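What follows is a set of notes on a single structure, which appears directly below.
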Amino acid sequence: MTAKSYFKIAFILALVFVCTNAEEKVFNVHSYGAKSDGTTDDSKALLNAWRDACKWNGKATLLIPLGEYMVNGAMFKGPCNGSAMTFEMKGVIKAPTDPKIFCNESWIRFQYVNALKIKGHGTFDGQGACAWGKHQCETLPFTVGFYFIKNLIVHDIHSNNSKGVHINVFQCSNGFFRHVKITAPDDSPNTDGIRIGNSNNIHIMDSNIGTGDDCISMVAGSQSINISGVTCGPGHGISIGSLGKLSKNDVVKDIHIKNCTFINTQNGVRIKTWASSMTGMATNITFEDIIMIKASNPILIDQQYCPTGNCKKQGSSVQVKDVTYKNIRGSSSSKVAVIFDCSSAHPCNGIIVKDVNLVYNGRDGPATSACDNAIGKSTGIELPPSCLKKS
């Protein structure tokens, strides 16, 4: 997406937040009894402030001033009466460390709200170290969830050390994330930065993400996703999938990833589908103007994805097609820098590689590429040399 189109869309979306004749009002959580001492559970104060803000028949702002707020859990639910809701977070919201409290699917959740803005330079602190690898819960909670939100803006927000996924986006449309910083150690399990599913027209820009899993993952139902200006690392890269495990006809399409940098990541740009899978499709995907700095597997299509190691050996039923890699350059920490491991049952089609220049950091020769069941063409710079089968 060009800068001109971004500002045009952002301007239109901003009108949703400002075009109202009703009075604006701020709902300060301190007025609802929030202690902001980092130990007292302030969940009730935040929820009561949200309740009144949501009832307000104008533009409402829920304000969380500087300070530390212990929140055991909160669901901020709509629909709301006003034209727009702002969650302005200047302080730090801290998650509980007691598994009797935190063993839920979610910690902070926004649901059924139209025209929601999250801002304020504040931090969601998941305090994940108390949970990683300890198997206290069936599923560890994500830090912030956006469910069934239309017209969403999130900017200048931090998320640290989530117990599970940091930001989960599900059934949302028209969402903008900008200047978001997400951090967790590289050995923190399943701490995806932003996970998108069943959502469309989502834009992630000018953000820094470093976690123990995918920096950004786009799972089934992700459509019209634009990612630009993201620095990823540590982590597992930016991934489409995994697809094909849980439901039929998983589709991810119309994805554009541009001007991103990967630093010491386990993967770069990756498409992954389960080896023994249900039907699905990943199509119309572009990766361009990408810089790799000591990234393993900088370019990867993995249709034998099986993290458990006990999958049936058969061709994936997910079709990968019409994928473009353009102007991808930098250094690879793996000798095989380009891997297209595609399905024997549904070979990858329409793969276009143009101007790829990846240098291997090791001493045992130059970078190489490996292809199975991959059909397409390569033009311009070919380092490593292409192994695509011409159509």
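The values are calculated or read from the model by the stated rules, or taken from the named source; none is laboratory data. It should be emphasised that the depicted structure is a prediction, and the values quoted were computed from it without experimental measurement. Using ideal geometry, Cβ is built from the backbone for each residue, glycine included, and neighbour counts are taken over all protein chains shown. Quick note on the areas: whole protein, heavy atoms, side chains included, nothing else; ligands and nucleic acids left out. Shrake-Rupley method; radii C 1.70, N 1.55, O 1.52, S 1.80 Å.
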Here Rg/Rh (Cα, Kirkwood) for segment 175-314 equals 0.95
Between beta-carbons, use under 15 Å as the cut-off and find the net charge around G133, counting Lys and Arg +1, Asp and Glu -1.
-2
Dipole size in debye (nearest 20) for the chain around its Cα centre, Lys and Arg Cβ +1, Asp and Glu Cβ -1?
660
Where does each of 93-106, 53-66 land if you order them by average Cβ count within 10 Å, highest first?
53-66, 93-106
Kirkwood estimate for segment 281-338, i.e. one over the average of 1/r between Cα atoms, Å
13.3
Compute the accessible area per residue over the chain, keeping the other protein chains in place, probe 1.4 Å, unit Å².
42
For K253, give me every one of the aspartates and glutamates with a C-alpha distance below 14 angstrom, ignoring sequence neighbours fewer than eight places off in its own chain.
D322
Alpha carbon convex hull of segment 157-217, projected area averaged over orientations, nm²
3.6
Report D for segment 201-275 in µm² per second (integer): Stokes-Einstein, Kirkwood Rh on Cα pairs, 25 °C, 0.890 mPa s.
196
Identify the trypsin sites (Lys or Arg not before Pro) of segment 299-367 meeting these criteria: DSSP loop state and at most 13 other C-beta atoms within 10 Å of the C-beta.
K312, K313, R363
Of the listed pairs K312/K377; K245/K354; K181/K258, those with alpha carbons more than 25 Å apart are K312/K377; K245/K354
Treating the beta-carbon of each Lys and Arg as +1 and of each Asp and Glu as -1, no other charges, what is the dipole magnitude of segment 299-391 about its Cα centre, to the nearest 20 debye?
100
Sequence-distant aspartates and glutamates (8 or more away, or on other chains) whose Cα lies within less than 18 Å of K335:
D302, D364, D372, E382
Scoring only Lys, Arg, Asp and Glu (+1, +1, -1, -1) among other residues with Cβ under 12 Å from the Cβ of G280 yields +4
Of the candidates I227, S242, T191, the farthest towards the positive dipole end of segment 176-245 (Lys/Arg Cβ +1, Asp/Glu Cβ -1, centred on the Cα centre) is I227
Excluding residues fewer than 8 places away in the same chain, name every one of the lysines whose C-alpha is closer than 17 Å to that of K100.
K134, K163
Express the C-alpha Rg of segment 350-391 as a ratio against the empirical globular expectation 2.2 N^0.38 Å, rounded to two decimals.
1.21
Percent carbon-and-sulfur accessible area, the chain, ignoring ligands, DNA and RNA, probe 1.4 Å
50
Normalised convex hull volume, segment 35-174, alpha-carbon set, Å³ per residue
93
Mind checking which of V71, G362, F177 is farthest towards the positive end of the chain's charge dipole, using Cβ charges of +1 (Lys, Arg) and -1 (Asp, Glu) about the Cα centre?
F177
For the chain, the Kirkwood Rh over every pair of distinct alpha carbons, in Å, works out to 21.7
Counting helices only, and only those DSSP H runs with n ≥ 4, report the 222 nm mean residue ellipticity of the chain as the sum of -39,500 (n - 2.57) divided by its residues, in deg cm²/dmol to the nearest 500.
-2500 deg cm²/dmol
Sort D187, D355, D213 by heavy-atom solvent-accessible area, probe 1.4 angstrom, most to least.
D187, D355, D213
Take the eigenvalues of the Cα gyration tensor for segment 232-339, scale each by 5, and report the square roots as semi-axes in whole Å, largest first.
24, 16, 10
Using a cut-off of 11 Å between beta-carbons, work out the net charge of the residues near I153 (Lys and Arg +1, Asp and Glu -1, I153 not included).
+2
